[in-house]
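Report on the structure given below.
What follows is calculated from the coordinates using simple rules that are stated; it is not laboratory data. Since the structure is predicted, the reported quantities are computational estimates derived from the model, not experimental observations. Here the Cβ positions follow ideal geometry from the backbone for every residue, glycine too, while neighbour counts run over all protein chains shown.
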Amino acid sequence: MAVKAPLSTAEDLWNLPDDGLRHELLARDPDTVRAPDAAFVVKERAEAAGRTEKYWPGAPDFVAEIISPGDAFAEVEAKALGWLEAGTRLVLVVDPARRTATAYRGHEDVRVHTLSPAHGSESHHPEPLGVGRP
């Protein structure tokens, strides 16, 4: 996931070319637009919103972000927290280089899952966000 400057308005989002990707309008006044690597909205919310064009009017229920080699951890963590603050229930940040997947359900509910080639996978609860993290 390349961390990019967000679009500034819903109009900017509306004027994007149809690239086949979905984007979410997370907030208004000012408009906050994000495009996750992958997202999911539960059926009930999707049906209640009806058909949408160009962007989803709110935060998805689940977001996955994949860390790219040039991404700074602090920027990706800030983006994950932004999804939570907008109403996303679960954000999964996958770091292929470290072979980890970090699940964010809240500022105090963060779990890091590590894939260890010799021992399968393991999970642990890190310190609260912003404390002792790379």
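Using θ = phi - 60° and the Karplus form 6.51 cos²θ - 1.76 cosθ + 1.60, what ³J(HN,Hα) does each residue of region 98-115 get, whole Hz, x for Gly and Pro?
So the Karplus estimates, Gly and Pro as x, are 8, 6, 10, 10, 9, 9, 10, 10, x, 4, 9, 10, 10, 10, 9, 10, 10, 9 Hz.
Around residue 33, which amide H atoms from residues at least 5 apart in sequence, or from another chain, sit under 5 Å from its own amide H, with H modelled in the peptide plane?
HN-HN under 5 Å from residue 33: 7, 26.
Just to verify a number: FRET efficiency for residue 99 and residue 42, C-beta to C-beta distance, R0 = 25 Å, to 0.05?
Here the calculated transfer efficiency is 0.30.
Residue by residue through region 69-76, what is 3J(HN,Hα) from phi via Karplus (6.51 cos²θ - 1.76 cosθ + 1.60, θ = phi - 60°)? Round to whole Hz and write x for glycine and proline.
Going residue by residue, I get x, x, 6, 8, 4, 4, 5, 5 Hz, with x marking Gly and Pro.
Neighbouring Cβ atoms within 10 Å as the yardstick, rank 47, 77 fewest first.
Placing the least packed residue first, the sequence is 47, 77.
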